[in-house]
Structure formats: structure tokens, C-alpha cells
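Here's the structure we're looking at; comments come further down.
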Amino acid sequence: MKFKDNLRLASRDLSRRKLRTFLTSLAIAVGIMLIITLVSLGTSGENLILSKFENNDSLKQVSVMPIKYYDDENTDYSDFDMSSMSKKIDNNSVKKFSNINGVTAINASISTNVDNIKIDNNENKNPTTLIAAYNNNSFFNDSTIESVRKNNNNNKLEPIIEGRNLNSLDTNSIIIGKNYLNSMGIKDYKSVVGKEIIITENKTENPNIVLPALQIKAKIIGIIGDKFEDKSFQNKNTIVSSLDLADKFKSYFTFQENYIDNSGYDSATLYVKDMNDVSNISSSVKNIGYYSFSYQKIIEQIKGSFKIIKVILAVLGLIVLFVAAVGTINTMIMVIYERTKSIGIMKSIGANRNNIHSIFLMQSAIIGFIGGIMGLIFSTININIIQLALRLFLQSKNIKETINFVMPSWLVLGSLAFSVLISVIAGIYPSRKASKMDPVEALNS
């Protein structure tokens, strides 16, 4: 018997009991609706969170800490002594990091706070962070520049808007931000390039020890644009100095001479061209013996968490779907009892077991297909209602954030196929029961 013949016979039998067919399919539809709706909500939540990282150039960075490598996932912290894990990031380490395949730039830095900044008669008496990098490297790498230009829709933006950036030969020099100058009351930022800046620090890491204040005169050689200042420095009260200048203040604060030679850099950031290389670069840092951190780890953890959430949500729908499968079995058994004589007639005129088996499996598949289509329709309605309700709620709270709920194509096709599959599986027992009927007994029933 051909496929189209099985389909015609199965469809004709189901159409005779439209209400029963609809109710059986409805139970499957509810299960499919739950699976699609809940998993779609989980997928949409995952996409929303991950989209926040999309345009973040931090995804292409690996941060190296001045500590020995350890497995943070499998370490027993009950007897873990972090004080013994210190590992200095020195100039040799920086050179090793820069030789890692895929690293486009490296920024090893130190930072320290100073108490007072004075330019002419203008003063900033608030604590200011003084930050400097290995070899006086620029804090504005290509990815940062590209990100700022993209966010401001201006491909001509440059980090230094007046003067120049630091270079390896600079000593007692600083570059300062336009916003920082504004906070000091200096509006004409161009006028300060080449001027003297007086930097003062009178605190140490031990508040019980008082030393004469350290005061150093430096030269302003460049002005940082406000867009890059906002992007690069979490603390708005930050200026960039030459390495030797920061080393003097850090040495004063920690009671050490030549702080960098003795303690190394506070951290190192490796910049990567392709975010897909982050994992390999992190492994290379591990092989050198240092602990590293990247946002890729967070993203992987987020994805892993959402996988678990989506599985849990899908299981809730599967429970309903398996209950619906029991209903399908019951429906198919009722169909067999109603068609016992028809089965006997078909067998008496030459239909074999496979023919009977195929007809009833086809009926189960049709019930599953109808249930799957209904489930897709219900899911679409549900998601649109949820999205509308959420949008109205956010608007009532003056929240401009929007969430677009999506039904992934793989989920739609997979759920439809699964609804057919579960119905076919549910129909195996009744169809086998029908195919094994004795034709004589069937005709006499």
C-alpha cells in the first residue's frame, strides 16, 4: 500500500471523529506550546544579556593578574593561602606575553593615588589616580579607538586632541583629560599643553607613618578627548603619567625604592584581534604560569546557565507532552475497537500486518502534526501577548529598554518534528495490536 493511500485512509477515519481528534491534538498542542514559549523566553533572555557584551571591546581582552595560575573551579579554598600565590609581572613577563600568537598589543600598568594636582592657580584637592603603562605605551589601542568612533558615529575621533601622546623617552610627563581640566575650572584646554603641573602626595599605605610630602613638577604634553577619557577610565579623576613618574609616587606610598623593579606591574592587559583567540591566549598565559581573566569566561558561564534553565523549562513542557501521549494511546485504542470489523475486512481482502500497522501509525502522526501546528499558533499568540504586556509595564516605569522575544527556527521545526515523533511512538502499541488481529475474530466481533 502506497504512502498516499495510507494518508487518505488515516485522514478519512480521523475526520469522522473530529471532536475527539481535536481534543487529542489539543493536549499535544498544550505541551508543544509550553516547550516553545518557555524555551523562547529563556533564549530571548540569553540574547538580551549577551547583546550587552556584543559591542564591548573587553571581549577582546585578557587580563593577567600578578599571581600564580590556579584552577579557580576545582580549588579547595578551605586551606588556600592566597598570600603565597604572588607572582611578579616584570618586563620579561611582558615580553613573553607580547610574543603569544594572536596578541596585538599589551598594556602592563601601575596606578597610585595622589592628593593634590595644581596647574597655575587651579587646584584639584580630591584624590586623583595616577596611572602609567610599560614603556609608556598608549592606553588607547586600536579596538578602543574603533569602539569610541563607532559609538559616536565619527571615524575622525582621536584620543589626543591637543599635543601628543606619551612615548618611551618621556620622563616626568603627563597627559590629562579635557573633562578633568573642566573639573579644575580650566576651559581652554589647549592653553595648558607645555605647562608645568605640580603633583603632591602625603599619604602612605600605613596611616600610622607620616613622611614629608612628595611633590614633583611634571610637564603636560597632551590632552585626552572627553569621549576617550570616559571610555578608558572608570575613575573620572584619572591622569596618565610617564612610567618613571608613577613609579616615584608608588614607591613613596609603599615605602619601596624602585617599586616596579621590586614588585612589578599591578596587572597586564593583552589585546586580541579576534575574540575566538581569547581561549588559546588564556591557555598560553596559563603555561607561562600566571592567572588570567577574560569576559569570555563569563559569557561561557552565562551560556551554560541558560542551557540548564532552558532544559528545565523544556522538561515542564515534556511532562505535559507525555501526558498527552497517553491520551493519544487511549484515542488510538478506541479507534481500533471501533474499526475492528473494518480491520477484519481489510485483512480478508489481502491487507497484511504492515499495511494495518502503517495506517494506524499514520493516524497517530497526523494527530501529532495537528497538535504541533496548534502548539505553534498558541506559542506565537502567547509570546506576542507577553511582549506587549512587558512593553507596557516597562513604559509605565519609564524604562526605555526593549526586549524582543524570538522563536528560534530550530525550536519551531524541532518541536513540530518532536510532536509527530511522540505521537508515532504513542501509536506503536495500538497499531501493533490492530495489525495482530485475527481476521475471523474481527469479522465476528
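The values are calculated or read from the model by the stated rules, or taken from the named source; none is laboratory data. Every value quoted in this text rests on a predicted model; they were computed, and no experiment measured them. Please note: Cβ atoms are built from the backbone with ideal geometry, for glycine as well, and neighbour counts cover all protein chains shown.
Total residues in the stretch 182-222 satisfying the condition of being part of a loop (DSSP other than H, G, I, E, B) and over 40 Å from the mean Cα position of the chain (by Cα): the figure is 18. Yes or no: the stretch 152-161 includes at least one residue that is assigned to a strand (DSSP E or B) and either modelled with pLDDT of 90 or more or out of contact with any strand residue (DSSP E or B) (no Cβ under 6 Å at 6 or more places or on another chain) (or both). So far as the stretch 152-161 goes, yes, one or more of its residues are assigned to a strand (DSSP E or B) and either modelled with pLDDT of 90 or more or out of contact with any strand residue (DSSP E or B) (no Cβ under 6 Å at 6 or more places or on another chain) (or both).
I'd like to check something: does the stretch 318-329 contain any residue that is hydroxyl-bearing (Ser, Thr, Tyr) and within 25 Å of the chain's Cα centre (by Cα)? Within the stretch 318-329 (the criterion being hydroxyl-bearing (Ser, Thr, Tyr) and within 25 Å of the chain's Cα centre (by Cα)), the answer is no, since none of the residues qualifies.
I'd like to know if the stretch 164-181 contains one or more residues that are of a type in the set (Asp, Glu), assigned to a loop (DSSP other than H, G, I, E, B) and more than 41 Å from the chain's Cα centre (by Cα). Lay out the reasoning, then the answer.
Filtering the stretch 164-181 for residues of a type in the set (Asp, Glu) gives 170.
Retained after the next criterion (residues that are assigned to a loop (DSSP other than H, G, I, E, B)): 170.
Within this subset, residues satisfying the condition of being more than 41 Å from the chain's Cα centre (by Cα) are none.
Checked the stretch 164-181: no residue is of a type in the set (Asp, Glu), assigned to a loop (DSSP other than H, G, I, E, B) and more than 41 Å from the chain's Cα centre (by Cα).
From the list Met334, Met275, pick out the single residue that is among the aliphatic types (A, V, I, L, M) and either at pLDDT 90 or above or in the same structural domain as Asn135 (by TED's automatic domain parsing) (or both).
Of Met334, Met275, the one residue that is among the aliphatic types (A, V, I, L, M) and either at pLDDT 90 or above or in the same structural domain as Asn135 (by TED's automatic domain parsing) (or both) is Met275.
Considering Ile89, Ile106, the condition of being in contact with a Phe, Trp or Tyr (Cβ under 7 Å, 6 or more places away or on another chain) and not in a loop (DSSP other than H, G, I, E, B) is satisfied by Ile106 alone.
The set of residues in the stretch 203-243 being among the charged types (D, E, K, R) and touching a helix residue (DSSP H, G or I) at 6+ places or on another chain (Cβ under 9 Å) consists of Lys203, Glu205, Asp226, Lys227, Glu229, Asp230, Lys231, Lys236. Condition (residue is more than 18 Å from Gly289 (Cα to Cα), at pLDDT 85 or above and surrounded by fewer than 19 Cβ atoms within 10 Å (Cβ to Cβ)) applied to the stretch 49-59: is it met by at least one residue? Among the residues of the stretch 49-59, not one is more than 18 Å from Gly289 (Cα to Cα), at pLDDT 85 or above and surrounded by fewer than 19 Cβ atoms within 10 Å (Cβ to Cβ), which makes the answer no. Checking the structure you have, find out if any residue of the stretch 234-249 is out of contact with any strand residue (DSSP E or B) (no Cβ under 9 Å at 6 or more places or on another chain) and not in a loop (DSSP other than H, G, I, E, B). Within the stretch 234-249, not a single residue is out of contact with any strand residue (DSSP E or B) (no Cβ under 9 Å at 6 or more places or on another chain) and not in a loop (DSSP other than H, G, I, E, B).
Selection of the stretch 191-217 for residues being surrounded by fewer than 19 Cβ atoms within 10 Å (Cβ to Cβ) and of a type in the set (A, V, I, L, M, F, W, C) yields Val193, Ile198, Ile209, Val210, Leu211, Ala213, Leu214, Ile216.
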